[in-house]
Structures are given as structure tokens and as C-alpha cells.
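Working notes for the structure below.
The values are calculated or read from the model by the stated rules, or taken from the named source; none is laboratory data. The structure displayed is predicted, hence computed values, not measured ones. Note: ideal-geometry Cβ built from the backbone for every residue, glycine included; neighbour counts use all protein chains shown. For the accessible areas, the whole protein counts, side chains as well, though only heavy atoms, and no ligand, DNA or RNA atoms are used. Shrake-Rupley method; radii C 1.70, N 1.55, O 1.52, S 1.80 Å.
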Amino acid sequence: MKKTLAAALAVALTATACGSDEQDDTPEFAENGTFTYAIPADPGELDPADAVLGATNTVLAFSYDTLVHSDADGKIISGLAEKWEAQADKVTFTLRKGVTCADESPVTPRTVADSMNYLSDPKNKAALLGVLIPAGMTATADEAAGTVTLATKEPNPFLLESMTAVYVVCGEGLKDRSVLKTRTSGSGPYPLFSSVAGDHYAFKVREKYAWGPGGAKYERGMPAAVELKVVKDESTAANMLTTGELHGAQFTGADRKRVEAIPGIRKGSAPDGIGEFFFHQGDGRAAAEHKVRRALVQALDLNELRTIVSGGAGEPATHLTSLAPDPCRGDSVTTNLLATDPAAAATLLDETGWKAGPDGVRAKGGEKLKLRVAYQTSAGPGVQAGMEYIAQKWKALGVETELAGSADAKYSDSLFKNGDWDMAWVPLGLSLPTQLVGYLSGPGPDEQGSNFAHINNSAYQDLVPEAAKKVGASGCDQWTNAEAALVKNVDVVPVVRPTQLVASKKAMLEVIGGVVRPTSVRLLKN
């Protein structure tokens, strides 16, 4: 699961909910054009089993299908499956008839079962195993009934919802996975036909496509071709949008206001991953003590921090998941976050034996209270400014800080290999409460687990099994209570749900679950 948090972190830096055109005029569609869209990084290898980057999933969404989809409100709608029956430990999907792969081979129950069983086989080391694909899951095809049944050893309340993000491989790629490193082999509306790594990825439409989200099919206004351009700098993307080199892009930084002012721009918003921070609670760490964690949070004004890290474009976090379908949206945060109280914070540290010395720095047993703050430099200048704000407030409290910003790979190593941090800012983007369990309970990285903060919250551990007994949203009250136990105990401090600007010019589109929905794209004459 260590690899999959890297995936969640990467996804959190792209749009992770729904962004759509907000103008209500009647558009005039253009015909047979090419839709151009910016992706912020090269997607790397294209095998869906190892798709961990947001950019990778954006590419794959054009060429692959999933069994079901989520709409903008989190409702599950049809995909390759036209209907389904969910139970606590299995889901049976009835497939649409007439679905074909890009090479025109049929997509059958056996096709889907083989694709799923590849992911669940531990020897294949799929990045999705343990997060979207439960360990031990089996897929069984019934060709006569036209069904595929996914079954798990233990109850899995959100197995249906997980399938909104699991791409089905068919055709040549199912027989030889090596071709998937640079090519696609799916049933989606736009197969990849050419690419140049680090520059662009080009797709052509399948005009007979008719099995998209909710039965969506190729129709008037959809582009005949798509080109995803690798544009790593938002300022460059803004310039390309202005000059017409791009039809669309997403913006989180300072350029968003400039983009909003471009004549003819269509604007939508997409909530980003939850911006939150964790304390290392391992043996010998200062923040292993509850009172210390309380003091460190009470020294901060979380409303001010929220504004700083999001550039004023963020909303208060209300729960710990953010990607569609995000079925459990109860507020586990608002009434459980600590209010700002620097005086109370100082008293708490005094009570724990961390006393201020002549230089103003607190110490206990001859050891100064010094915390190393880890964060991703790729998160942008807002997060950098936010970490500097935290350092300033903690200095006033008598706490030394070392700001340790690093690139994504080194940051992930800090959390999962080195443990060389005391507080970590984590922009975590996940869709289901079950995906959080391994990160918030159980063994830590030193014991081959994923509980990077070494959290040991007995209330959370008691509530999760009860919540897991219920299918889907029926257990959301229990999941909300479990999250609330973490926030109350200062095991996690959710601060902000940032929003991204989804901007388009001479085009309309939706971003759902972190990626552009291909069947939503329309080219416009004006």
C-alpha cells in the first residue's frame, strides 16, 4: 500500500471531483475537430494496473472503460455493466451486449474476469491491489448469464464504488501486458494512436462507441480526435489557452485569475484533494503525546492557514475523502477541530514538561522541542507559505521547526522509508473510507504496513469493523463517527478542500473523479 499513497498524493494534485461548464447559453457545436487539453506531467507507462499518476489516469480515461461510473453527485451509473447487484462480500454485474474492444474483439464476461483477476493476483504486483482491488478478490464469469461476479474474502462495503476507477483491459493487451507500456488496449471511445513521451498523446474517436457513462455514445459535437499536451507550467498553459493552442486546462496557482479574465473562457471548479497534516506518533516522538498535539494545533489559526495554502480558493474540509463517488459526505471535522488558543497551547506544553528556556525554546530532559515539517515542493507556493506560517506560530510557542520541502519521490520516502519527519502536510485525494483504513491504523512502515503516522486510535479501530459490515452508503454514519474519532484525538488535522479552475475555450467538458470525462467533451464554434 506504500506505493498507492504515492498514487493518492499524485492524484490529489489534479482535479479530484467535478468541474463543468457553468455557462447556460445554447452552444453551437463544431464538427470533426481536435480537442486539445493540457496535462501537467508525462503519464509514464500506460498499463492500467500501475496507473498511479493523475496524468496517467487522464490518458487512460479516453481509451478504457470501467464497469460502472460515478456522476457529478456521486451516484453510480452504468458503464460496461448495465445493471448490478451488490452484497457485503460480492457484486454481480450484468454486462451490456455488443461491446467491443478497440481491435473489434468482443468484450465478454470472460474478458472482464481475466482483467480483474490479473489485478488481484499478488504476483503481478498491481498498484491497485489493496486499495481499489481487495486482497483475495476473485472474478468469475458466467457467459450464459452475461455476468461477472467479483467476490471478496471479507466484507467490502464499497466494492461497487471502487469499480468506477478500475479500467478493464481487453484485446491484445489482455494477452500480452508488455504492449500496455506505450499503447492502449481498451473499449473506450478514443484509442491512443500516437504519442511522444514528454510532449503529447493523440487519440482518434470510435464512431460506433455506445456504452459510455449512463449509456453515452458518440454524437454530434464530440471531437474526432483528442490531443493531450504535456504542459508542466501553468503560466505556459494559460498562454496556450489564450492563443488557442489549447481548448482546456486546470489551474490551481496564481494564473487562475488571469485565465478567468480571458475573453470567451468557460469556467468550472473542481475540488482538490484534502489538505491536512499528520504528526509522527512513533516511539520517542514528542507528538506521540496527545497534549503536545493539541498544543501544536491550538497555536495555529486554521482558518488563516486554510486561506494561505489555497490562495483563498479553498473550502473548509468536512470529511477525509474527496474524489467521486465520495459516498460518505457526513461532517466529521467541523465540530471536532480545535479552536485557536495560544495561551492554552502554552499551558499544555508546560504541563507535559516542555518548559521554555532562556532562549525561548522549550526543552525537556535536556532535549529541545524541535520538529521537522515535511511537504511536497510540487504542491506549490501556497503550501510553502503555509508551512512558513506554521513555523512562525510554533516559534512563538517555543518550538523550533525545520522546513523540509522535497520532490514527490523523496517526500514519499520520508513518510514510508526514513520516518525523518515530525509533522507532514499531506494533500490526500481518495474516494472511499475503506481506502483510508490502512493509512490510519494497523502496522507502520517499519512493520511492512502503511500507517505512516503510527496512529493507534482505539475508537477508530472499534468503529471500522462495524461500518464495514454494511453495504455502501448504509454504513456512512459509522464511517463518519470513525473519522470523527481521529479528528478529536488530533490524529489527523483536515484543513482545506482546495478548488481548481477548470477552464475551456471553444469547448465544453466535465472533470469527474480527477479526469476529463471523454463523452462530455464538445467542441464549439465560438
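Under a point-charge model restricted to the Cβ atoms of Lys and Arg (+1) and Asp and Glu (-1), what is the dipole moment magnitude of segment 249-407 relative to its Cα centre, in debye to the nearest 20? Show your work: numbers first, answer last.
Numbers: 19 positive and 19 negative charges, 39 e Å.
Its charge dipole is roughly 180 debye.
Using r as the Cβ-Cβ distance of ALA473 and GLU351, and R0 as 35 Å, what FRET efficiency do you calculate, to the nearest 0.05? The calculated FRET efficiency here is 0.25.
Considering only the Cα atoms of segment 373-526, their convex hull presents on average a projected area of 12.7 nm².
Under the simplified labelling scheme, the THR182-ASN456 pair shows an inter-label distance of 5.1 nm, with each label point 7 Å from Cα along Cα→Cβ.
Extension gain for THR140 to THR100 (0.36 nm times residue separation, less C-alpha to C-alpha distance): 12.4 nm.
On a 0 to 90 degree scale, rounded to 10, what angle separates helix 381-397 from the longest Cα axis of the chain? It is inclined by approximately 20 degrees. When the charge dipole of the chain is built from unit charges on Cβ atoms (+1 for Lys and Arg, -1 for Asp and Glu) and taken about the Cα centre, the candidate among GLY360, VAL492, GLY382 whose Cα reaches farthest toward its positive end is GLY382. In plain terms, the bigger the Kirkwood radius, the slower the diffusion; for segment 324-454, with that radius from Cα pairs, at 4 °C and 1.567 mPa s, Stokes-Einstein puts D at 76 µm²/s. Convex hull volume of the C-alpha atoms in segment 110-163, normalised per residue: 76 Å³.
What Kirkwood radius, in Å to one decimal, follows from the Cα pairs of segment 101-207? About 15.1 Å for segment 101-207.
Taking the Cα atoms only, what angle lies between the long axis of helix 2-12 and the longest principal axis of the chain, rounded to 10 degrees? Roughly 80 degrees, rounded to the nearest 10. For Rg/Rh (Cα atoms, Kirkwood Rh), computed directly from the structure shown, the correct entry in (1) 0.99; (2) 1.05; (3) 0.96 is (1).
The alpha-carbon atoms of segment 441-526, seen along their principal axes, cover 59, 31, 26 angstrom, with the largest extent given first. For the Cα atoms of the chain, what angle does the longest principal axis make with the long axis of helix 234-243, in degrees from 0 to 90, nearest 10? With rounding to tens, the tilt is 40 degrees.
Considering only THR56, LEU46, ALA113, and ranking their Cα positions along the charge dipole of segment 43-181 that arises from unit charges at the beta-carbon of Lys, Arg, Asp and Glu, the one farthest toward the positive end is ALA113. Counted by Cβ distance under 9 Å from GLY264, the other residues give a net charge of +3, where Lys and Arg count +1 and Asp and Glu count -1. For segment 436-526, the residue among GLN478, LEU509, ALA453 whose Cα projects farthest onto the positive side of the dipole built from Cβ charges is LEU509.
Give me the extension gain from THR236 to GLU207: residue separation times 0.36 nm, minus the current Cα-Cα distance, reported in nm with one decimal. Display every interim value, and only then the final one.
On the way: separation 29, 0.36 × 29 = 10.44 nm, distance 3.29 nm.
Taking 0.36 nm per residue and subtracting the Cα distance, the gain is 7.2 nm.
Given +1 at the Cβ of Lys and Arg, -1 at the Cβ of Asp and Glu and no other charges, the dipole of segment 283-326 around its Cα centre is 200 debye to the nearest 20. In the chain, the portion of solvent-accessible area held by carbon and sulfur atoms comes to 49 percent [1.4 Å probe, whole percent, DNA, RNA and ligands not counted].
Ignoring aspartates and glutamates fewer than eight residues from LYS506 along the same chain, the ones with Cα atoms less than 16 angstrom from its Cα are ASP21, GLU22, ASP24, ASP25, GLU28, GLU31, GLU227, GLU245, GLU260. Within a straight-line Cα-Cα reach of under 19 Å, LYS217 can be paired with the following lysines, leaving aside sequence neighbours fewer than 8 residues apart in one chain: LYS83, LYS97, LYS204, LYS208. If R0 is 30 Å, the Cβ-Cβ spacing of GLU219 and GLU172 corresponds to a FRET efficiency of close to 0.60.
Pulled fully out, how much extra length does the chain show between ASP121 and ALA261, if you take 0.36 nm times their separation in residues and subtract their Cα-Cα distance?
45.4 nm
A simple spin-label model places the labels of LYS291 and LYS525 7.4 nm from each other, with each point 7 Å out along Cα-to-Cβ.
Partner lysines whose Cα lies under 28 Å from the Cα of LYS393, excluding those fewer than 8 positions away in the same chain, are identified as LYS291, LYS355, LYS364, LYS368, LYS370, LYS410, LYS488. Among 335-345, 64-74, sorting by the average number of other beta carbon atoms lying within 10 angstrom of each residue, highest first, gives 64-74, 335-345.
At a probe size of 1.4 Å, how large is the accessible area of TRP479, to the nearest 10 Å²? About 10 Å², ignoring ligands and nucleic acids.
Each part reduced to its alpha carbon centroid, segment 332-363 and segment 260-320 end up 19 Å apart.
Can you work out the accessible area per residue across the chain, with the rest of the protein chains kept in place, probe 1.4 Å, in square angstrom? Could you put the intermediate results ahead of the total?
Numbers: 20860 Å² over 526 residues.
Accessible area per residue, the chain: 40 Å².
Could you give the dipole magnitude of the chain about its Cα centre, charging the beta-carbon of Lys and Arg +1 and that of Asp and Glu -1, in debye to the nearest 20?
Values: 52 positive and 64 negative charges, 59 e Å.
So the dipole magnitude of the chain works out to roughly 280 debye.
For segment 217-354, taking the reciprocal of the average inverse distance between every pair of different Cα atoms yields a Kirkwood hydrodynamic radius of 19.2 Å. Calculate I(q)/I(0) for segment 337-390 by the Debye formula, one identical point scatterer on each C-alpha and no solvent, and give its log10 at q = 0.13, 0.14, 0.17 Å⁻¹ to two decimals. Reported log10 I(q)/I(0), two decimals: -0.49, -0.56, -0.75.
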